[in-house]
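The values are calculated or read from the model by the stated rules, or taken from the named source; none is laboratory data. This one's a predicted model, so the numbers in the text were calculated from it and none came from an experiment. Every residue, glycine among them, receives a Cβ derived from its backbone with ideal geometry; neighbour counts consider all protein chains shown.
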Amino acid sequence: MISSPPSTLSTCCCIAGGGPAGMMLGLLLARAGVQVVVLEKHADFLRDFRGDTVHPSTLQVMHELGLLDKFLTRPHDEIHELRGMVGDTELVLANFRHVPCSCKFIALMPQWDFLDFLCDEAERLPTFRLIRNAEVTGVFMHAGVVSGVKATTPVGPLQVTADLVIGADGRHSTVRSAAGLVVHDLGAPIDVLWMRLPKAADGPATTGGRIVPGAFMAMIDRRSYWQCAYVIAKGGMAAIQARGLEAFRAELVKVAPFFADRVQALSGWDDIKLLSVTVDRLERWYMPGLLCIGDAAHAMSPIGGVGINLAIQDAVAAANILAAPLADVSVSTSALTPFLAKVEKRRLFPARVTQAAQVAVQNRLLKPVIASGGAAGTPAVTMTVPWPLKLLSCSSWLQAIPAYAVGVGVRPEHVRSPQKEKVAL
Ligand SMILES: Cc1cc2nc3c(=O)[nH]c(=O)nc-3n(C[C@H](O)[C@H](O)[C@H](O)COP(=O)(O)OP(=O)(O)OC[C@H]3O[C@@H](n4cnc5c(N)ncnc54)[C@H](O)[C@@H]3O)c2cc1C
């Protein structure tokens, strides 16, 4: 709970949203001596599953900030390779041992622990302030210039004026719609059902994907249970519910037979969460006084599990470009605009390439697989492993290519923003 926030506040940079993009940017700007206020609508970082992957490039950022050793003392698991099952054949699809980063693995850590860590570090800096339970409801805009945000809090309305507002409030961004920024929908033919299933001695050893005719499921090892993502056709939830829970449990067993004795753990539809997948991108990420980053600028599909990575990379690039002009009191809001354009220019290419790859996997791989059969009871069809996947599985050097794409990504960023503020001990 926050303790009575003032009804008006003035700061240099106001960030809407305390997700990976907002918290990392807040930390970097505060470290560079910029006054930052982050407004987060939730009371804590505990929320629905939003991915647990901390990629090698994000770990590299931690290393550059001198925080890596401390970060890795928090409970996590390390994934050195990604495996997949195509029909009955197990394949290695990506091998992170060759990525050019300090850590040659993906760290699996619940997102709330990752955000708690960033928050703990940021709150040690005197120029950082996080206000929880503060939901941004609109922006102040005059003659095409954004000068702040309005928010609701449990103790009444809050108005924050700022030289720069950052929209880091995710794929349903209030800030971007309040400012009238134009969004292009890139299309997603799939939705995803998320659920937890208990672990047992049998079954796969590591995080990975399983594909059979008619179904695809990704499984993430969360120590005491599996977090499962079952891909369905866009808008297909109603049909699945109409077939009934027992039929759905049978569909899961078809793709992952070792769950046969555990699917009863799904006792009702409340145990199964629908994620409506969206892939979109802003036509322009900024306007005078406002910049959007992360999912607010380019909502990512969960495919490849790279959205957090892109959000962090956006934050690092934004801090590299904006820290100096923001710290300079003589730079006005309108003089900041060319720097905002520079951030978009730097990050548009990685977002565009990554989203194009996600759309291709959705349309060319997942959509045909889902359309090819599906419901339990349909006769089993043997699935042959495509030869490129067989080749990939034989060579750890070839596996380094997808590992780089997922673990590092296009145009990795390095911390160049200065460290002016020392942490309070
Ligand atoms: C089910 C699911 C699974 C995923 N799995 C993975 C994965 O395994 N790996 C991966 O890399 N990516 C994954 N992604 C994508 C990833 O979660 C996003 O790309 C990433 O979180 C984007 O970070 P962000 O900071 O831009 O936005 P978000 O993480 O969405 O954070 C936005 C923040 O803003 C807050 N907020 C929203 N509106 C307001 C408001 N009006 N006022 C104040 N605060 C507000 C939210 O509470 C939230 O804290 C997954 C996404 C989903 C939906």
Give the residue that is surrounded by the most Cβ atoms within 10 Å (Cβ to Cβ), with candidates limited to residues of the stretch 314-353 that are in contact with a Pro (Cβ under 7 Å, 6 or more places away or on another chain) and assigned to a helix (DSSP H, G or I).
Ala323
For the stretch 62-97, give me each residue that is of a type in the set (S, T, N, Q), surrounded by fewer than 19 Cβ atoms within 10 Å (Cβ to Cβ) and not in a loop (DSSP other than H, G, I, E, B).
Thr89
Within the stretch 173-195, restricting to residues that are at pLDDT 95 or above, surrounded by fewer than 19 Cβ atoms within 10 Å (Cβ to Cβ) and not in a strand (DSSP E or B), the one that is farthest from the ligand (Cβ to nearest atom) is Val182
Checking Ala201 against (1) small (Gly, Ala, Ser); (2) touching a strand residue (DSSP E or B) at 6+ places or on another chain (Cβ under 6 Å); (3) not in a strand (DSSP E or B): exactly one of these is not met. Which one?
(2)
Restricting to the stretch 167-192, name every residue that is touching a residue at least 12 places away in the same chain (Cβ under 8 Å) and within 17 Å of the chain's Cα centre (by Cα).
Gly167, Ala168, Asp169, Gly170, Arg171, Ser173, Ala188, Asp191, Val192
For the stretch 261-308: of the residues being charged (D, E, K, R), more than 21 Å from Gly51 (Cβ to Cβ) and touching a residue at least 24 places away in the same chain (Cβ under 8 Å), which is surrounded by the most Cβ atoms within 10 Å (Cβ to Cβ)?
Arg262
Applying the selection to the stretch 405-425, what residues are modelled with pLDDT of 85 or more and over 20 Å from the mean Cα position of the chain (by Cα)?
Arg416, Ser417, Pro418, Gln419
Can Ala238 be described as hydrophobic (A, V, I, L, M, F, W, C), outside any strand (DSSP E or B) and within 15 Å of the ligand (Cβ to nearest atom)?
no
Of the residues in the stretch 161-172, how many are within 12 Å of the ligand (Cβ to nearest atom) and more than 26 Å from Leu310 (Cβ to Cβ)?
0
Select from the stretch 308-317 the residues that are more than 8 Å from the ligand (Cβ to nearest atom) and of a type outside the set (A, V, I, L, M, F, W, C) and list them in ascending order.
Gln313
Take Val86 and decide whether it is in contact with a strand residue (DSSP E or B) (Cβ under 9 Å, 6 or more places away or on another chain), closer than 27 Å to Val353 by Cβ and modelled with pLDDT of 95 or more.
no
Residue by residue through the stretch 391-407, note down the ones that are hydrophobic (A, V, I, L, M, F, W, C) and closer than 22 Å to Val54 by Cα.
Ala400, Ile401, Ala403, Ala405, Val406
Options Leu59, Leu91, Leu68: the member that is over 27 Å from Val385 (Cβ atoms) and either more than 14 Å from the ligand (Cβ to nearest atom) or of a type in the set (Ser, Thr, Tyr) (or both)
Leu68
Could you list, in sequence order, all residues of the stretch 196-221 that are over 25 Å from Gln362 (Cα atoms) and at pLDDT below 85?
Ala200, Ala201, Asp202, Gly203, Ala205
Of the listed residues (Phe114, Phe140), the one being free of Cβ contacts under 8 Å to residues at least 40 places away in the same chain and within 16 Å of the ligand (Cβ to nearest atom) is Phe140
Give the number of residues within the stretch 259-291 that are part of a strand (DSSP E or B) and either more than 12 Å from the ligand (Cβ to nearest atom) or not basic (Lys, Arg) (or both).
10
So which of Gly305, Gly294 ends up being within 21 Å of the chain's Cα centre (by Cα), within 12 Å of the ligand (Cβ to nearest atom) and modelled with pLDDT under 90?
Gly305
